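The values are calculated or read from the model by the stated rules, or taken from the named source; none is laboratory data. Computed from a prediction, not measured in an experiment: that's the story for all the values here. Positions of Cβ are backbone-derived with ideal geometry, glycine not excepted, and every protein chain shown enters the neighbour counts.
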């Protein structure tokens, strides 16, 4: 399971896969966007007034064939950081403005860590071994549940999610 950091409109998945075989990937259905473009290491998508930017610390390619063709970005490295930032026409005006601002935002690489200066939320520090921060403040200091709401609960990394809907209780077991 990746270490997942979410703050406002920025999301990061930090992977460290210890198994012999492994890869990281990101769902990105290219044909469902009005526009898709790559610029300065970022992949951008625009659908109507909504924008998304995706960055991978390690090289990736768009899967071309098979079940996931045109829908998945694949990185064959087991240690990676996927960084996503979203925006809209209301915040950025044009897709060109969003693309320009994100692609010009500084990304500093420190080994397997990223220091990203988001144009919308400021300095973001991300890494597997470090406490991840936004503007110097911790985003994820303690372990939080993977899901915690009136209908579902699951501890991060447990592989177990308990569901409760109108008194009907079920357990999903994803342990392998």
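Suppose we filter 155, 129, 104, 112 for residues that are exposed (fewer than 13 other Cβ atoms within 10 Å of the Cβ) and modelled with pLDDT under 95; which single one remains?
On the way: 155 fails: exposed (fewer than 13 other Cβ atoms within 10 Å of the Cβ); 104 fails: modelled with pLDDT under 95; 112 fails: exposed (fewer than 13 other Cβ atoms within 10 Å of the Cβ).
The conditions single out 129.
In region 40-71, what residues are over 22 Å from residue 126 (Cα atoms) and either in contact with a helix residue (DSSP H, G or I) (Cβ under 6 Å, 6 or more places away or on another chain) or part of a strand (DSSP E or B) (or both)?
Answer for region 40-71, where residues must be over 22 Å from residue 126 (Cα atoms) and either in contact with a helix residue (DSSP H, G or I) (Cβ under 6 Å, 6 or more places away or on another chain) or part of a strand (DSSP E or B) (or both): 45, 46, 47, 49, 50, 51, 61, 62, 70.
From (1) modelled with pLDDT under 90; (2) closer than 18 Å to residue 111 by Cβ; (3) surrounded by fewer than 18 Cβ atoms within 10 Å (Cβ to Cβ), pick out the condition that doesn't hold for residue 15.
For residue 15, the exception is condition (3).
Taking region 98-115, which residues are free of Cβ contacts under 8 Å to residues at least 40 places away in the same chain and either closer than 26 Å to residue 2 by Cα or out of contact with any helix residue (DSSP H, G or I) (no Cβ under 9 Å at 6 or more places or on another chain) (or both)?
Passing the criteria: 100, 105, 106, 108, 110, 111, 113, 115.
Take residue 6 and decide whether it is at pLDDT below 95 and assigned to a loop (DSSP other than H, G, I, E, B).
no
Inspect region 72-84 for any residue being in the same structural domain as residue 10 (by the TED database), in a loop (DSSP other than H, G, I, E, B), surrounded by 15 or more Cβ atoms within 10 Å (Cβ to Cβ) and touching a residue at least 24 places away in the same chain (Cβ under 8 Å) and give the result as yes or no.
The answer is yes, given that some residue of region 72-84 is in the same structural domain as residue 10 (by the TED database), in a loop (DSSP other than H, G, I, E, B), surrounded by 15 or more Cβ atoms within 10 Å (Cβ to Cβ) and touching a residue at least 24 places away in the same chain (Cβ under 8 Å).
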